Structures are given as C-alpha cells and as structure tokens.
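Nothing in this text is a laboratory measurement; each read-out follows from the coordinates by a stated rule. None of the values given here were measured: they were computed from a predicted structure.
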Amino acid sequence: MTDLALRLAGATIGYGDVAIVRDADLTVRRGEAVAVLGSNGSGKTTLSRGLLGLATVLGGTVEVLGAPVGRQREHGRIGYVPQRHTVSGAMPATVREVVGVGRLPRLGLFRRPGPRDRAAVAEAVDAVGLADRLEDPVAALSGGQQRRVLVARALAAEPELLVMDEPTAGVDAASQAALAAVLARVSAAGTTLLVVTHETGPLSGVLMRAVVVDSGRLTFDGPLAAVGPVAGADCHHPAGAAAPPVRGYRLDQPRPAPDAVRVRDGSR
Ligand SMILES: Nc1ncnc2c1ncn2[C@@H]1O[C@H](COP(=O)(O)OP(=O)(O)OP(=O)(O)O)[C@@H](O)[C@H]1O
Ligand SMILES: [Mg+2]
C-alpha cells in the first residue's frame with residue numbers, strides 16, 4: 001500500500017476540453033493536512049473536484065489513495081464537502097438522515113445502519129454543534145448550519161481522505177473554532193486533509209502545509225506559516241515563495257452578479 005494520499009504529476013484538470021488547472025505536480029502523504037489557497041477563480045474547486053472524479057483529468061496523472069482517480073476499490077474512503085450546495089428547500093430530510101447518507105458507502109447493499117453507524121452520525125452532528133437539531137428538517141436550518149450539516153456528513157463517513165471546499169465559508173467564529181478542533185482530532189487519527197479555504201486563521205493550527213493555486217497553476221507549496229496575510233485580511237500571498245505575489249490576490253473580493261444569487265443557499 002502506498003503511503004501517498006495524493007499524487008498529481010503534470011496533471012491538467014478541467015471541464016469538457018477546457019483546461020483549468022494545468023500541469024500540476026503535487027504529492028501529499030497520508031496523514032498530511034494541506035490548505036489550498038488562491039484567489040477567486042484560480043482553480044481550487046476544480047482541483048478538488050478533479051480528485052473526486054467530478055472534473056475531468058485532461059492530462060497527466062492523478063492518483064488518489066494509490067489508485068487512478070475514480071478507481072478506488074472501496075467507496076467511502078474519500079469524504080467531500082462541496083463548496084456550493086443547496087440542501088434543497090423541498091427536501092424533507094432531517095439532519096440525522098442527511099448526515100446518515102455519509103454512512104451509506106459503509107453499509108453495503110441492503111444493510112441497515114447498526115449501532116456503530118448511529119454513533120458515527122451522532123458524533124459527527126455533535127462535532128459540528130448541531131446535536132440539538134438532529135431531528136429537525138435540514139431545510140429549516142440557516143445557511144451556515146446547513147454547511148455544518150454537510151461537514152458532518154463527510155465526517156460521519158470516517159474517510160481516509162477528507163476534501164473540504166471552503167468548509168468555514170458562512171460559518172460563524174464559534175463554529176469555525178469547533179470545526180478546527182474536530183479537524184485536529186481526525187487529523188491526529190491519521191485522516192488526510194485537503195481543505196480549500198480563504199480563512200486560514202481558525203485552521204492554522206491544523207493545516208500545516210499550504211498549496212497556492214494561481215490562474216490554474218500551483219505557484220507555492222510549503223509551510224502554511226510561510227503564506228503571509230495581505231493587508232490584515234483573510235487573503236494570502238506566498239511570502240518567500242519562488243513566484244512573486246500576483247496582483248488581484250485579495251481573496252475576499254465581492255463576487256460578480258451571477259454568483260450573488262448563490263448567497264441564497266448560504267454556501268458562500
Ligand atoms: N463546471 C464548469 N465548467 C466550465 N468552467 C468552469 C466550471 N466550473 C468552474 N469553471 C471555471 O474554472 C475556473 C476556476 O474555477 P474554480 O471554481 O475552480 O475556482 P476557485 O478557485 O474555486 O474560485 P472560488 O474562490 O471563487 O471558489 C473559473 O474560470 C471558472 O469559470
Ligand atoms: Mg471554489
């Protein structure tokens with residue numbers, strides 16, 4: 001068994017035949033906790049979706065947990081918190097049910113959840129501070145709370161690799177701190193973390209290494225501590241990195257109008 005969680009070599013990832021992330025080299029050992037940083041539109045989500053088989057590998061190599069992407073033998077080894085997600089307003093499911101979906105790959109066909117599954121769901125919901133909302137319809141929760149439900153769903157799967165795309169976006173400070181504590185725990189237990197974020201502050205004790213994506217290229221790979229804040233905001237440039245900081249590096253720019261409607265789902 002390889003000790004690599006991720007291996008990208010000359011990897012080009014995109015949609016259709018359009019390359020977004022280009023010629024990426026990245027090796028992540030099992031148990032590492034890596035932040036993925038970069039400005040809006042730089043390709044962070046595309047990179048993480050490429051690891052899940054949700055964006056197309058157009059060239060090069062992308063291996064996840066020792067196998068080409070999408071060819072993992074068992075399901076449930078990779079947890080994913082997508083950046084944009086509407087927990088549909090029409091969905092009557094409760095918090096317990098949605099988080100329980102995270103256990104499905106572990107159940108196998110026709111198997112009913114057992115005590116271990118129920119405990120994993122309860123622990124995950126507790127970890128994101130929603131224990132008192134377990135039986136509430138997800139649609140009745142706020143945007144930030146729904147985000148935390150999705151984090152719990154990924155945690156409940158107890159994956160070997162946890163890919164989170166802006167898990168703290170729209171989540172209040174107390175919940176971010178709680179999430180940091182949870183991630184520290186799962187990281188200590190050996191789970192590999194890849195976390196796309198604009199807010200490294202709360203997670204800085206957990207994410208030791210940072211990768212910066214800039215216009216589809218990986219321009220920095222090194223200690224998170226070497227990525228300094230710009231103008232005191234939640235933004236980043238690779239201090240001391242080979243590549244100079246690029247203009248427009250602020251990460252918290254207002255999004256253009258077409259994206260503004262997405263605010264409704266609370267995922268930003
Ligand atoms: N489904 C898609 N089809 C085609 N192009 C896409 C698709 N999704 C994203 N893109 C393009 O890929 C580029 C990178 O987008 P991506 O979502 O990876 O950026 P990001 O770094 O995650 O940005 P943000 O910080 O805003 O989340 C953008 O130019 C975007 O328009
Ligand atoms: Mg993104």
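List of remarks:
- Taking amide H as placed 1.01 Å from N in the peptide plane, ASP23 has its amide H under 5 Å from the amide H of ALA11, THR12, ILE13, each at least 5 places away in sequence or on another chain.
- Taking a ≥ b ≥ c as the square roots of the eigenvalues of the Cα gyration tensor, segment 108-168 is oblate, since a/c reaches 1.5 or more and a/b is not larger than b/c.
- Full-extension gain in nm, GLU123 to LEU107, via 0.36 nm per residue minus C-alpha separation: 4.0 nm
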